[in-house]
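The values are calculated or read from the model by the stated rules, or taken from the named source; none is laboratory data. In this text, all values refer to a predicted model and were calculated from it rather than measured experimentally. Counting neighbours? That spans all protein chains shown, and the Cβs are built from the backbone with ideal geometry, glycine included.
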Amino acid sequence: MGQAGVERVVIIGSGPAGWTAAIYAARAQLHPVVYTGVPKQTPTIVLPGGQLMLTTEVENYPGFPHGVMGPEMMGKFQEQAQRFGTRVVMEDILRCDFSKRPFELTVSADGENPSGVVKTHSVIIATGATANWLGLPNEMRLATKGGGVSACAVCDGALPAFRNQPLAVVGGGDTAMEEATYLTKFGSEVYIIHRRDSLRASKIMQKRFLDRPNARVMYNKVVVDVLGEDHITGLLLEDTVTKERSTLEVRGLFIAIGHTPATAFLKDSGVEFDPSGYVMLRSRGSATNIPGVFAAGDVADQNYRQAVTAAGMGCQAALDCERWLAAQDVH
């Protein structure tokens, strides 16, 4: 049976996975509480709502035929979750103690200092993954205002602003090649900017990109500044060998140097991770290695990283959690 002062389910994270889990859990009368997190700069901007808070127009989510702004979309998700009784706490979870039953989660109102402990029978981890940015002031300024800087070509590359325009991708691995190849469908020219004299990507991925007539590679180059006031107009590059600086005119910049799953708060919790640091799932479902702890969205998915797949995983997590609680006779 349930215990006084103990939550049935705590959802950590407020992106598509977290809000979808909340919608399903609330409609199942589990009375979920969502800890959204607090805004922080570490060193780039991390906002409650996840990566979509840094996305201007979302055109590939079903049900929005004319597109929707990323922050507006997350607002609608939250509104729907709250409509069914989801409680929302704008605080961070600093750490989790899964060795106790019920679980104990240390919360923080400022993202740094403990401010209390919440007890819960189950947890859904939906904290996502943050893109690794270059850390340039103009890069982040333009990214947050929809100025043509993005960390997801598949999400944003087909937008009208990038069509028939010169575009640049920073990176040299398979992800960079995949994103650059995708962009060749839309951009007039697509430049790979890589700091070394050879690409790290697999040969087949390199060939797939280089076979495109509008593909370009700029070796031994790093971006030292992003140019443009309201929208990107170009890049200031520096040669890693000669230190010579040059300007490259582009209308879009896509950062493809990896993602970091938001799992620092799970250190010493006992949750298992895969070799890349993402939460490891035990099966096609959402269960982790700890009974009663589930994960959904980009925190457990380094392959797709799309709003629609994250939402689907949030649905799975809520259904798995509901069944688990029922089996434990928690009402």
field: Scan of the range 237-254 for residues that are of a type outside the set (S, T, N, Q) and surrounded by fewer than 16 Cβ atoms within 10 Å (Cβ to Cβ), ordered by number
entry: 239, 241, 243, 244, 245, 249
task: Go through 189, 179 for me and flag whichever is touching a strand residue (DSSP E or B) at 6+ places or on another chain (Cβ under 7 Å), crowded, with 23+ Cβ neighbours inside 10 Å and acidic (Asp, Glu).
output: 179
- prompt: Assuming residue 52 fulfils every condition listed in (1) under 30 Å from residue 135 (Cα atoms); (2) touching a helix residue (DSSP H, G or I) at 6+ places or on another chain (Cβ under 7 Å); (3) surrounded by fewer than 19 Cβ atoms within 10 Å (Cβ to Cβ) apart from one, which condition is it?
  reply: (3)
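Here is a yes/no grid of residues against (1) polar (S, T, N, Q); (2) in contact with a helix residue (DSSP H, G or I) (Cβ under 8 Å, 6 or more places away or on another chain); (3) at negative phi:
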residue	(1), (2), (3)
209	no, yes, yes
216	no, no, yes
230	no, no, yes
247	yes, no, yes
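If you check residue 132 against the conditions, is it among the polar types (S, T, N, Q) and farther than 26 Å from residue 210 by Cβ?
No, not satisfied.
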- request: Considering each residue of the range 132-169, count those that are within 21 Å of residue 46 (Cα to Cα) and crowded, with 22+ Cβ neighbours inside 10 Å, and give that number.
  value: 11
- prompt: Of all the residues that make up the range 209-228, how many are under 26 Å from the mean Cα position of the chain (by Cα) and surrounded by fewer than 18 Cβ atoms within 10 Å (Cβ to Cβ)?
  reply: 4
task: Have a look at 209, 186 and point out the one that is more than 30 Å from residue 17 (Cβ to Cβ), touching a residue at least 12 places away in the same chain (Cβ under 8 Å) and not acidic (Asp, Glu).
output: 209
- prompt: Can residue 99 be described as out of contact with any His (no Cβ under 6 Å at 6 or more places or on another chain), polar (S, T, N, Q) and buried (at least 18 other Cβ atoms within 10 Å of the Cβ)?
  reply: no
query: If you take the residues in the range 8-52 that are of a type in the set (Val, Ile, Thr) and in a strand (DSSP E or B), which one is modelled with the lowest pLDDT?
result: 45
query: Residues 298, 320: which one is more than 24 Å from residue 175 (Cα to Cα), buried (at least 19 other Cβ atoms within 10 Å of the Cβ), charged (D, E, K, R) and assigned by TED's automatic domain parsing to the domain that holds residue 99?
result: 320
